[in-house]
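Report on the following structure.
Where a number appears in this text, it was derived from the coordinates with a stated rule and is not lab data. Fair warning: this is a prediction, and the values are worked out from it, not measured in the lab. Methodologically, a virtual Cβ is constructed for each residue, glycine included, from the backbone with ideal geometry; neighbour enumeration extends over all protein chains shown.
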Amino acid sequence: MIRKDIKALAAYHVPDSSGMMKLDAMENPFSLPDDLREAWIKELAQVEINRYPDADMQGLREQIAKQEGLKAEQVLLGNGSDEIIQMLLLANEPGVCVTPAPTFVMYELISRWLNRSVATVPLAKDFSLDANQFLQVCAREKAAMAFLACPNNPTGNLWSEETIVKIAQGFRGLVVIDEAYAPFAERTHTHLIAPNVMVLRTFSKLGWAGLRLGYLLGDADVIADLNKVRMPYNINSLTQTSARFFLQHSDVFKKQARDICFERKRITASLMALETIEVFPSQANFILIRVADADSVFAGLKERGILIKNMHAQGGLLSQCLRITVGNKDENNAVLAALREILI
Ligand SMILES: Cc1ncc(COP(=O)(O)O)c(C=O)c1O
């Protein structure tokens, strides 16, 4: 009944976080200001949920396009950027998909669902990416597609512009520059958009993880083709209405992102002061650290009610690594205090 390889897969595991300080999934720690919440609820009350959502979402795509200096025809919307990764892998011509390693796990997972093979290019010890090596693997595999998470998850670093440009311009297949962490990074890459180069974004990390809304920016003809594999009505009415409303208040979320970057800088410095931790510089809303015994530090934090992500089981460059989402000031202070207790 079910394909053998699917049976052999483990389902994407989301750990139970009830009652915990949740710093494992790169969510924005700030809740909505009260006045904004009230105005939003009034908008939601108008939604006709007996009707299917707006299928074409021209208005929402125009709002997003305007903010990016592009046209609405260059915007594709997905139920989270995960859904767009699936659409890309579904519509792209057959062939190998190349990714750096380690990187965001969904590129490989969705490829497997779709029976597509993946070739990986290992990052260096400092998590830098060798563009020549990447292009060599693309050529060797006669690859059809490549994903570059910029900044990369789970390492948090942003590869040099030179590296990204070299790959974007040197590979003839489809290059997807995944900018899930753009709100926290010093640079973005929409200027590289070309018929084979697309930029993927999400609102999840900016503060709307519960809405599930991602978008792809690219060449209008390629977007039109990808739109053919988009599920009808993939973005529900409540999400559409919320997004249209929140985009008119984007200053609130931009300010929150700045506050997160400020906290990131503060906790990076405090973590660096702890001798037994190796801290990797981050341009995202999380920080990757390496400790002597990741499993016991993870367990120690959990005992203290703090849930982070233990990357150790992935092995290789992620051995003894933990990924901590940047929280609000109190949460970050709690993490720092707990780490001091556990490690000293
Ligand atoms: C690099 C990267 N891309 C895409 C996503 C998926 O985001 P979402 O499906 O919430 O839009 C994530 C989530 O962690 C991510 O780290």
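Candidates ASN227, VAL326, PHE253 compared by Cα position along the dipole of region 213-342: farthest toward the positive end lies PHE253, with charges placed on Cβ.
For a quick check, take a GNM of the chain with Cα springs below 10 Å and name the residue from GLN63, GLN46, GLN314 with the largest mean-square fluctuation. Highest fluctuation of the listed residues: GLN46.
I'd like the trypsin sites (Lys or Arg not before Pro) in region 1-68 restricted to DSSP loop residues with at most 12 other Cβ atoms within 10 Å, sorted by number. Can you show the working numbers first?
Details: sites: ARG3, LYS4, LYS7, LYS22, ARG37, LYS42, ARG51, ARG61, LYS66; in loops: ARG3, ARG51.
When the trypsin sites (Lys or Arg not before Pro) of region 1-68 are filtered for loop state and at most 12 Cβ neighbours within 10 Å, ARG3, ARG51 remain.
Out of all Cα-Cα pairs in region 222-330, roughly what percent, to the nearest whole number, are more than 17 Å apart?
Tail of P(r) above 17 Å: 67 percent of Cα pairs.
Mean residue ellipticity at 222 nm from the helices of the chain, using -39,500 (n - 2.57) per DSSP H segment of n ≥ 4 over the full residue count, to the nearest 500 deg cm²/dmol?
Computed ellipticity for the chain at 222 nm equals -11500 deg cm²/dmol.
Under Stokes-Einstein, with the Kirkwood radius over Cα pairs standing in for Rh, what whole-number D in µm²/s applies to region 60-133 at 10 °C and 1.306 mPa s? For the chosen part, D equals 110 µm²/s. The phi-based Karplus calculation (6.51 cos²θ - 1.76 cosθ + 1.60; θ = phi - 60°) puts the 3J(HN,Hα) values of region 157-163 at 8, 10, 5, 4, 4, 4, 4 Hz, whole numbers, x for Gly and Pro. What pairs from LYS166/LYS205; LYS4/LYS228; LYS205/LYS309; LYS265/LYS329; LYS22/LYS302 go past 19 Å between their alpha carbons? Distance filter (> 19 Å) returns LYS166/LYS205; LYS4/LYS228. Note on the chain: dipole from Cβ charges, positive end direction compared against GLY214, LEU114, GLY80; the farthest Cα belongs to LEU114. Please report, to two decimal places, log10 I(q)/I(0) for region 49-248 at q = 0.08 Å⁻¹ as given by the Debye formula with identical point scatterers on the Cα atoms and no solvent. Here log10 of I(q) over I(0) equals -0.25. Database remark: amide H of THR202 closer than 5 angstrom to the amide H of TYR215 (H placed geometrically; neighbours at sequence offset of 5 or more, or on other chains; Pro and chain starts carry no H). Counting 0.36 nm for each residue step from SER18 to LYS142 and taking away their Cα separation leaves a gain of 40.0 nm.
About the Cα centre of region 49-248, how large is the charge dipole given +1 on each Lys and Arg Cβ and -1 on each Asp and Glu Cβ? Please answer in debye to the nearest 20. Present the calculation step by step, with values, prior to reporting the outcome.
Values: 18 positive and 20 negative charges, 60 e Å.
For region 49-248, the charge dipole is close to 280 debye.
Which percent of the Cα-Cα distances in the chain go past 37 Å? Counting pairs separated by more than 37 Å, the tail of P(r) holds 19 percent.
Take every DSSP beta bridge with both residues inside the chain and express the antiparallel ones as a percent of the total, to the nearest 5. Could you put the intermediate results ahead of the total?
Numbers: 18 of 36 bridges.
DSSP beta bridges in the chain are roughly 50 percent antiparallel.
Amide hydrogen proximity for MET21: with H placed 1.01 Å from N in the peptide plane, the residues at 5 or more positions away or on another chain lying under 5 Å are ILE306, LEU307. For region 309-325, backbone phi angles converted through the Karplus equation (6.51, -1.76, 1.60; θ = phi - 60°) give residue-by-residue couplings of 10, 8, 9, 4, 4, 6, x, x, 5, 9, 4, 6, 9, 10, 10, 10, 6 Hz, Gly and Pro being listed as x.
Computed 3J(HN,Hα) for region 257-264, one whole-Hz value per residue from the Karplus formula 6.51 cos²θ - 1.76 cosθ + 1.60 where θ = phi - 60°, is 5, 5, 5, 5, 5, 5, 5, 4, glycine and proline marked x.
For ARG187, no residue has an amide H sitting under 5 Å from its own, ignoring neighbours fewer than 5 places away on the same chain, with H placed 1.01 Å from N.
Which of HIS249, HIS13, HIS189 has the fewest other C-beta atoms within 10 Å, and how do the rest follow up to the most?
Working: HIS249 15, HIS13 5, HIS189 21.
With the sparsest Cβ surroundings first, the list reads HIS13, HIS249, HIS189.
For the chain, a simple Cβ point-charge model (Lys and Arg +1, Asp and Glu -1, everything else neutral) yields a dipole of about 380 debye relative to the Cα centre.
Free of any GluC sites (Glu not before Pro) that DSSP assigns to a loop and that have at most 15 other C-beta atoms within 10 Å, the longest stretch within the chain is 49-185.
Would you mind ranking VAL297, VAL165 by Cβ crowding within 10 Å, fewest neighbours first? Walk me through the intermediate numbers first.
Working: VAL297 23, VAL165 15.
Result, fewest neighbours first: VAL165, VAL297.
Put in line by how crowded their Cβ is, counting other Cβ atoms within 10 Å and starting with the fewest, ASP5, ASP130 read ASP5, ASP130.
May I have the convex hull volume per residue, in Å³, for the Cα set of region 304-344?
Details: hull volume 3.2 nm³, N = 41.
Each residue corresponds to 79 Å³ of Cα convex hull volume.
What does the charge count around LEU90 come to, taking other residues whose C-beta lies under 14 Å from its C-beta (Lys +1, Arg +1, Asp -1, Glu -1)? That sum, taken over residues with Cβ under 14 Å, equals 0.
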